[in-house]
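Q: Here it is, the structure in full.
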Amino acid sequence: MQPASLFTLVALGALIWASPATAQTRPAGTPAAAATPADRCPALLQHRFDRLQDEKPQSLCQYAGRVTLVVNTASFCGFTQQYGALESLYSRYKDRGLVVLGFPTNDFGRQEPGSNASIADFCENTFGVKFPMFAKTSVVGGSTNPLYQQLAQRTGERPQWNFHKYLIDRSGRVVKSYASSVDPKDPSLMKDIERMLSEKS
């Protein structure tokens, strides 16, 4: 075989080996690429909200697979002391998969009039809050944010005052609702948290 012919055959073989059709072929039964985090994010968490401290957008999908306690908060309410109990709850169960998400609102009694910066300072300096908090929002009425719209649809209950609570299981399918008067350390709420934490998503 002439050298030129040998070179041609080698080059042709290299082109065939690197062709897209060959590169994309995989043996039968080989699983497709693993699902991305977004694929595993339940519909309830497919929202973005600005973080309270710096107003940087955050995806709630980062909490997929956790038990999530969603609370609308206010700084000048008779229930404001619940901040301490919420932080205690978060500290106790976060390593097992619980996250508490706080949503300050001025919807009830104008009890959250301040800026996001002042709310963040109050929460940290007064109650040592470390659980995630988001920018001031609306949880009832025509300006209700989309997360709270879905929570109300799922449970049939809208917040009637500050510190209403929604508990979402790891799968994002089961949601329970608790009135503002239910303390974060109430035995019934803690029992539900324990049960959801013990379940797989």
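Taken together, the values in this text are just the output of simple stated rules run on the coordinates, not laboratory data. Fair warning: this is a prediction, and the values are worked out from it, not measured in the lab. So basically every Cβ, Gly included, is an ideal-geometry build from the backbone, and we count neighbours across all protein chains shown.
Q: (1) crowded, with 16+ Cβ neighbours inside 10 Å; (2) not in a helix (DSSP H, G or I): which one isn't true of Ser181, the others all being true?
A: So the condition that Ser181 fails would be (1).
Q: While we're here: Please find, within the range 128-151, the residue that is farthest from the chain's Cα centre (by Cα) out of those that are outside any loop (DSSP other than H, G, I, E, B) and surrounded by fewer than 18 Cβ atoms within 10 Å (Cβ to Cβ). Walk me through it before giving the result.
A: Filtering the range 128-151 down to residues outside any loop (DSSP other than H, G, I, E, B) leaves 133-134, 137, 146-151.
After this cut, where a residue has to be surrounded by fewer than 18 Cβ atoms within 10 Å (Cβ to Cβ) as well, the list is 146, 149.
Details: Pro146: 13, Gln149: 15 Å.
Only one residue fits best here, namely Gln149.
Q: Of all residues in the range 152-187, count the ones that are in contact with a Pro (Cβ under 7 Å, 6 or more places away or on another chain) and at positive phi.
A: 1
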